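Down below is the structure, laid out as structure tokens.
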Amino acid sequence: MGQEIKVNTGEAKQALSKLKHSSHSMNASVPTDIKGQNHLDTTKKIEELNQTINMIASSYASAFSKQVAQTESAVDAMMDTDKQLASPMKTK
């Protein structure tokens, strides 16, 4: 019980802000219509794979954004808890 956990919330929020901005730049812009007049099975398979890559990248970016938001919420909750616990100590 005697151990103290110190969180530099300023650094945490700054890192989370960087992560949030980097998640917006995550965009797999893989072409999904490359066959044109070509009807080869390989081009069809490549298009399917490219569509899958785009869907996975979009899902990953969404999950990543949710994780950043949850982490921000946890940091805010720790700050609030710390303030609530420190308040009675300051009044004594």
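On a 22 Å Cα-Cα criterion, which of the cross-link pairs Lys18/Lys83; Lys13/Lys66; Lys13/Lys83 come out too long? From Lys18/Lys83; Lys13/Lys66; Lys13/Lys83, over 22 Å: Lys18/Lys83. For Lys44, go through the aspartates and glutamates and keep the ones whose alpha-carbon is under 17 Å away, minus same-chain ones fewer than eight residues off. Answer for Lys44, where 17 Å is the Cα cut-off: Asp33, listed by chain and number.
Taken together, the values in this text are just the output of simple stated rules run on the coordinates, not laboratory data. Predicted, not measured: the structure shown is a model, and the values here were computed from it.
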